[in-house]
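Novice: Dumping the structure here so I can ask a few things about it.
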Amino acid sequence: MSTSIDVSTVTSEGHDGARQLAAARTHRAVKVYGSAETAVRALDGIDVVFDRAMFTAIMGPSGSGKSTLMHCLAGLDDLTSGEVWLGETQLGRLSEKQLTRTRREKLGFVFQAFNLVPSLTALENITLPLDLASRRPDKTWLDHVIETVGLGQRLAHRPCELSGGQQQRVAVARALASRPEVIFADEPTGNLDTSSGAEVLDLLRLAVREYGRTVVMVTHDPVAASYSERVVFLADGKIVDDMAGPTPERVIDRMKSVGEV
Amino acid sequence: MFRTTFKNLRARKRRLLTTALAVTIGVAFMAGTLVIADTISRTFDDLFADATEGIDAAVRGSQSIDVDFGPEARNPVPETLVAQIAELDGAAAVEGQVSGYAQFLDKDDEPVGNPGTGAPTLGFNWNEVPELNPFELTDGGPPSGAGEVVIDRGTARDGGFAVGDTIAVLTQAGRGDFTVTGIVTFGGQDRPAGATTALFETTTAQDLVGEPGTFQEIAVVAGEGVSEEDLVTQIQAIAPAGVEVLTGEQYTEDSQNQVQEGLSFFNTFLLVFAGIALFVGSFIIYNTFNILVAQRTGELGLLRALGASRRQVFGSVILEATIVGVIAGVIGLVLGIGLASLLKLAMAGLGIELPGGAPVVTVRTAITALATGMVITVLAALVPARRAGAVPPLVALRQRSVEDRALPRRRTIAGGVVTAIGLASLGYGLWGEPGNAIQFVGLGALVTFIGVALLAPVLASPFVKGVGGLIAKLRGTPAALAEKNALRNPRRTSATASALMIGVGLVGFITIFAASTKASIDKTIDDAFTGDLVVASGTFGFGGLPPEVADEIAALPEIDLVSGMRFGPARVDGEDTGVVAVNTDQMARLADIGISEGSADDFGVSSFGIHEDVAEEKGWELGTPVTIEFVDTGAQTFTVDVIYSENALAGPWFIDTAAFEANYAQQFDAQIYASLTEGASLAKARESVEEIVDPYPAAEVQDQEEYTEATAGQIDQLLGLVYLLLVFAVIIAVIGISNTLALSIYERTHELGLLRAVGMTRQQMRSSIRWESVMIALFGTILGLTVGLVFGWAVVSALADEGFSVFQAPVSQLVVIALLAALAGVIASLRPARRAAKLDMLEAIMTE
């Protein structure tokens, strides 16, 4: 079932320095919604590189284009112009089918809500991308992931029998199970109380530090952003700042000024 | 409050239409039936009104026997009455009428028209009085001698006959060649209702299609200033016994009523199928409204929280149902008119040319269609509407879940009770022998279907887990998801499947019933018929082979025993029915009818043979006198001389051919049975018989095996029609599956988006929806086949006394039905699956 994507035909143009390290990057990414006078430039020529094995947060006020950027990076949406690269693959050149396969083989997702298929058990949800690809899960790795997220007792439960925090942990486990190159998290703590949120964020950080995954997280919560190693600030479809080693205070300060921009 | 209803309706126009469609088909079916019935009866009314316009008084035999099929039988009136009436002051013109069987042969010696489909082949005398002649000459002139005939324009056209040509006609006098002197139409129609018409000069007609010295009727035209009533009074004064006199008006009405009666069976037959379609449709409506209410729970809760009363919420759902019902009624009516035209075309294809032009849409039809559509929809929506009203305001504040709650136990109990009641009613109708058995059986079947539908959710889980699990093992994750989704809401799955169950159940029942009937016929004929050859007249009860044919066959050296079989209307012990007549001494050796009492040896002209069931039911025994009335000879007393146990060939009772000849004017053999002389060759005997039968192209010589096959084959014809009509029920069920899936997909938009995001391909998505549909369809089919099997077994075993000796469930045909149902599932999933696959992923994820 699984098809490997022929990356050799998709060559990178320029940015050679970043090429080795970049898990994902964009080149003059533009996304326009609507047409003519009602057109909105959600992404206005964004150039950004997300390094391998790094935890990056994307922040910005509502309508800044942060979710759009993530959707385009994850192949859930396409650009109006410009390029999105995932490793050495340019997403824009992939067919719908190849995109789907790329998502299930190279990407992991944690959404804000409704992360799980209600009719499947926790374990079935975790192995879903592998099952869809007809791949046999690596038992040792799977056990390890389950142990890490701490769901051993609840594997046979269905999502409606799990708390919000447990549901998000299942989602993280799912994102880890297939050992994706990049995990995209869209407001993963948005619906959680503080301590459940902290657990989920710890897990995402663990994925980077222990397992060398790349995590890109969209959030508007400064505390959540402080778990990352780098914060990219967006406003009006443009990158307005790039901060390394964020703390909640620095993020809040910066957000205030972005809000004023 | 009602504004929200309209907003809801407008927002989901497509769903509204597909929902309405489920009822529309049933309504269309019903409206079509009514339209075609009205069209036919209006046209016939007009035709008869035209044809009988000139008649001011009609004289006919007062003895009548009304049998289920064909026109009523009457005794003839004496020819001499015509001259007597002519002398009356009030009569301006008078003429006798003759009618009977006349079959044209075309230039290849093939029968013209389609007697096999029931279209009559008629012969009449040519009426000289213009007022009394309903035919219009379009070419040539009237017949004037023994060798002349006037033919209908349809026959002239189809057979390529023109004035001056010679045409062969089969009548009770055998085959004869006639010169065509004229070509006619009737009420402007070439061949109304497909009937062929041969018109002879009166004396010739009496010889060929009537009875010399008599008329079937005498038609009289009143003189200037004489009222119909006066004329009738004058005629009555001179009329002999056994004759009745009608005014022209009464006569017209009577003719029209007879057509109506003939049509009513046909109408009832079609309306039964319309009823089935509506019943299936109501399941779909019920299901759709249930889903809609479930999906709107949050919204309804909000309305309740904002102050809407239970009644208002209930009312808004009912209003929605009413609007859907009215739309369904209107579309159904329009489609029904189209359907009527299609049906007419189809019948014309079968050779039954229906007269008349534009379809007749009466106010009654329109009101019935609209009311039915509305009432069925509202009734089906009652329970969902109550559920909507019962939504507590608090729900609006809570997160809703698409998961179904556990099934209440009382529903299962109710299902069991309802099923039991249904089966009990079915059983009572079948075995209890009440007067209105059909009603009990029909109602029992209906209630059983409802009961099984109530029980279905309990059965759905094990079924889907079993079959679905197997498919999931073989077909991977999409199929496994399909299984989970089908299981998610067993009530919805089974309500959807139940609609299919009804159609499949009936198809299964008919299949089993037909197979059992055929097997039983095979067996009884094998057991009962010990002869070697059968000549079937091929005229299906109308006319047949003249007695000379049987005589000629009997004279063949290769043939030992011969018996013709004749049918005639008779009133036996006060009941309008028919009798069979055979050459008893020969027939007793040609067939083993299991004579248990008496002997066929001295079976005479007033002997009566009865089946043992009749003996038991009526309390008759050997020597009991039984009164049989005939239209020609009146009441005659017969004596029970034989009681037998096998009715496959003889039916419930029979008389001797000699008795038939003594009591009927017209003599035709519908069938001739024969056996070979010891040592004669079958092939040679057959050749000789075929030579004798050669002038009768409709007749067919069959050996025992062919005879069995032909008898059983008649069932296939009817079966085809029934299947065709049941297809509508299945189509509605498929629409239902498609509709439910579409609604479920809408409900799962989010989840589907998630699945796509984490890597489900479009193809996997389609496959998943398809499997879900197939699982639902298979579940419905298995339920249906089970119910069909039970019905089939019950009906066949209840009819064991009527000769249903074999119960047969044709496995291969039932498997084909199951496969077709799976295919129906695939078809039902096409549109929903495509929509699910095309789903905008981002929008789906971001919803809510």
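The values are calculated or read from the model by the stated rules, or taken from the named source; none is laboratory data. Computed from a prediction, not measured in an experiment: that's the story for all the values here. A quick note on method: Cβ atoms are made from the backbone with ideal geometry, for glycine too, and the neighbour counts reach across all protein chains shown. For accessibility, only protein heavy atoms count, side chains too; no ligands or nucleic acids. Shrake-Rupley method; radii C 1.70, N 1.55, O 1.52, S 1.80 Å.
Novice: Please report the relative contact order for chain B, taking Cα pairs under 8 Å with a sequence separation of at least 6, and give it as a percent rounded to a whole number.
Specialist: So the answer I get is 16 percent.
Novice: Give the peptides B:162-171, B:723-732 in descending order of average Cβ contacts within 10 Å, highest first.
Specialist: B:723-732, B:162-171
Novice: Per DSSP H run of n ≥ 4, the term is -39500 (n - 2.57); total these for chain B, divide by its residue number, and report the mean residue ellipticity at 222 nm rounded to 500 deg cm²/dmol.
Specialist: -19500 deg cm²/dmol
Novice: Once each part is reduced to its C-alpha centroid, what is the distance from the stretch A:147-173 to the stretch B:635-655 in angstrom?
Specialist: 82
Novice: So what is the relative contact order for the stretch B:101-204, in percent, with contacts set as C-alpha pairs under 8 Å and at least six apart?
Specialist: Over the stretch B:101-204, the number comes to 41 percent.
Novice: Here's something else I'd like to know. Would you mind checking the stretch B:508-538 for residues with the amide N under 18 Å from a putative spin-label position 7 Å along Cα→C-beta of B:Trp793?
Specialist: It comes to B:508-517, nothing else.
Novice: So for the pair A:Ser35, A:Glu210, with labels modelled 7 Å out along Cα→Cβ, what separation do we get in nm?
Specialist: 5.1
Novice: Rounded to the nearest 10 Å², what accessible area does B:Glu552 have for a 1.4 Å probe in the complete protein model?
Specialist: Accessible area of B:Glu552: about 100 Å².
Novice: Right, another one. Convert each backbone phi in the stretch A:59-74 into a coupling constant with the Karplus relation 6.51 cos²θ - 1.76 cosθ + 1.60 (shift: θ = phi - 60°), then list the ³J(HN,Hα) values in order as whole Hz, x for Gly and Pro.
Specialist: Values per residue, Gly and Pro as x: 10, x, x, 4, x, 7, x, 5, 5, 4, 4, 5, 4, 6, 5, 8 Hz.
Novice: Could you give each residue of the stretch B:266-275 its phi-based ³J(HN,Hα) in whole Hz, using Karplus coefficients 6.51, -1.76, 1.60 with θ = phi - 60°, and x for Gly or Pro?
Specialist: 4, 5, 4, 4, 5, 5, 4, 6, 4, x
Novice: Okay, next question. To check my understanding: the extent here is largest minus smallest coordinate of the Cα atoms along each principal axis. What are those three numbers for the stretch B:538-698, in Å, largest first?
Specialist: Sorted largest first, the three principal extents are 47, 31, 22 Å.
Novice: Follow-up. Output the direction-averaged projected area (hull surface divided by four) of the convex hull of the alpha-carbon atoms of the stretch B:142-249, in nm².
Specialist: Across all orientations, the stretch B:142-249 yields a mean hull projection of 9.0 nm².
Novice: Could you state the accessible area per residue of chain B in Å², with a 1.4 Å probe and every protein chain left in place? It would help to have the intermediate numbers written out before the result.
Specialist: Details: 35570 Å² over 848 residues.
On a per-residue basis, chain B sits at 42 Å².
Novice: Using a 1.4 Å probe on the protein heavy atoms only, what accessible surface does B:Asp703 show? Give it in Å² to the nearest 10.
Specialist: About 40 Å², rounded to the nearest 10.
Novice: Now for a different question. Which cross-chain or sequence-distant (5 or more) residues have an amide H under 5 Å from the amide H of B:Phe215, H modelled 1.01 Å from N in plane?
Specialist: Here B:Val77, B:Glu79 satisfy the definition.
Novice: Under a 5 Å amide H to amide H cut-off, with H placed in plane at 1.01 Å, what residues pair with A:Gly60 once short-range neighbours are removed?
Specialist: When sequence neighbours closer than 5 places are left aside, the close amide H contacts are A:Leu234.
Novice: Still on this structure: Just to confirm my numbers, what's the Cα centroid distance between the stretch B:733-790 and the stretch A:46-117 in Å?
Specialist: If you average the Cα positions of each part, the centres end up 31 Å apart.
Novice: I need the per residue convex hull volume for the stretch B:622-712, using only the alpha carbons, in cubic angstrom as a whole number.
Specialist: It is 158 Å³ per residue.
Novice: Related question: Taking the convex hull of the alpha carbon atoms in the protein assembly as shown, what volume per residue do you get, in Å³?
Specialist: With only Cα atoms used, the protein assembly as shown gives 246 Å³ per residue.
Novice: Grab the DSSP H runs of chain A that are 4 residues or longer, score each as -39,500 (n - 2.57), total them, divide by all residues and round the 222 nm result to the nearest 500 deg cm²/dmol. Mind showing how you got there, number by number?
Specialist: On the way: 9 runs with 92 residues, N = 261.
Taken over chain A, the calculation gives -10500 deg cm²/dmol.
Novice: Give or take rounding to whole Å, what are the principal axis extents of the alpha carbon atoms in the stretch A:118-206, in descending order?
Specialist: 36, 28, 21
Novice: Right, next: Shielding of A:127-134 by partners, i.e. mean partner chain Cβ atoms within 10 Å per residue? Mind showing how you got there, number by number?
Specialist: Numbers: counts 1, 7, 6, 2, 7, 10, 5, 2.
Mean inter-chain Cβ contacts per residue within 10 Å come to 5.
Novice: Please compute, over every Cα-Cα pair in the stretch B:737-848, the percentage with a separation greater than 24 angstrom.
Specialist: Of all Cα-Cα pairs in the stretch B:737-848, 44 percent lie more than 24 Å apart.
Novice: Binning at 5 Å from 0, report for the stretch A:68-155 what percent of all alpha-carbon pair distances ends up in each bin.
Specialist: 3, 11, 19, 21, 17, 14, 10, 4, 1, 0
Novice: Please give every one of the lysines within straight-line cross-link reach of B:Lys838, meaning a C-alpha to C-alpha distance under 19 Å, and leave out same-chain neighbours fewer than 8 residues apart.
Specialist: A:Lys97
Novice: With a cut-off of 8 Å between alpha carbons and a minimum separation of six or more residues, what is the relative contact order of the stretch B:406-453 in percent?
Specialist: Values: 60 pairs, mean separation 22.5, N = 48.
Taking the mean separation of contacting Cα pairs over the length of the stretch B:406-453, I get 47 percent.
Novice: Net charge within 12 Å of A:Val200 by Cβ-Cβ distance, Lys/Arg positive one each and Asp/Glu negative one each, not counting A:Val200 itself?
Specialist: Around A:Val200, the surrounding residues sum to -3.
Novice: Starting from the amide H of B:Val360, placed 1.01 Å from N in the peptide plane, find each other amide H under 5 Å away whose residue is 5 or more places distant or on another chain.
Specialist: Distant-sequence amide H within range of B:Val360: B:Thr39.
Novice: Let me ask something additional. Give me the three principal axis extents of chain B from the C-alpha atoms, as integers in angstrom, largest value leading.
Specialist: Principal-axis extents of the Cα atoms in chain B, largest first: 96, 72, 52 Å.
Novice: Alpha carbon centre of the stretch B:472-538 versus the stretch B:589-610: separation in Å?
Specialist: Here the answer is 41 Å between Cα centres.
Novice: Per-residue mean of other chain beta-carbon atoms within 10 angstrom of the beta-carbon, peptide B:481-492?
Specialist: Per residue, the average neighbour count from other chains is 2.
Novice: Please report the buried accessible area for the interface of A with B, total over both chains, probe 1.4 Å, in Å² to the nearest 100.
Specialist: 2200
Novice: Could you pull the accessible area for B:Val150 with a 1.4 Å probe, rounded to 10 Å²?
Specialist: 0
Novice: Apply the a/c threshold of 1.5 to the C-alpha gyration tensor of the stretch B:665-781 and tell me whether it is rounded, prolate or oblate.
Specialist: On the way: a/c = 6.23, a/b = 3.77, b/c = 1.65.
Prolate shape, in that a/c is at least 1.5 and a/b is the bigger ratio.
Novice: Tabulate in residue order the Karplus-calculated ³J(HN,Hα) for the stretch B:230-237, using 6.51 cos²θ - 1.76 cosθ + 1.60 with θ = phi - 60°, rounded to whole Hz; enter x for Gly and Pro.
Specialist: 4, 4, 4, 4, 4, 5, 4, 4
Novice: Continuing with this model, one more query. Send over a whole-number figure in Å² for the accessible area per residue of the stretch A:90-231, probe 1.4 Å.
Specialist: Solvent-accessible surface per residue comes out at 38 Å².
Novice: What base-10 log of the normalised intensity I(q)/I(0) is obtained for chain A from the Debye formula, alpha carbons as equal point scatterers, at q = 0.08, 0.09, 0.14, 0.17 Å⁻¹?
Specialist: Taking Cα atoms of chain A as identical point scatterers yields -0.31, -0.39, -0.97, -1.37.
Novice: Using a 7 Å offset from the Cα along the Cα-to-Cβ direction at both B:Ala358 and B:Glu700, what is the distance between the two label points in nm, to one decimal?
Specialist: Taking the simple label geometry, B:Ala358 and B:Glu700 are separated by 4.3 nm.
Novice: Another question, if that's okay. Can you list the lysines whose alpha carbon is less than 26 Å from that of A:Lys139, not counting same-chain residues fewer than 8 positions off?
Specialist: Correct list for A:Lys139: A:Lys106, B:Lys473, B:Lys484.
Novice: Further question on the same structure: Just round it to a whole percent: the fraction of Cα-Cα distances in the stretch B:423-467 exceeding 14 Å.
Specialist: Result for the distance tail: 55 percent.
Novice: Per the 1.4 Å probe, what fraction of the accessible area of chain B, in percent, lies on carbon and sulfur atoms? Can you show the working numbers first?
Specialist: Details: 20520 of 35570 Å².
Here carbon and sulfur together make up 58 percent of the probe-accessible area.
Novice: Here is a further query. In terms of the ratio Rg/(2.2 N^0.38 Å) built on C-alpha atoms, what value belongs to the stretch B:101-204?
Specialist: 0.95
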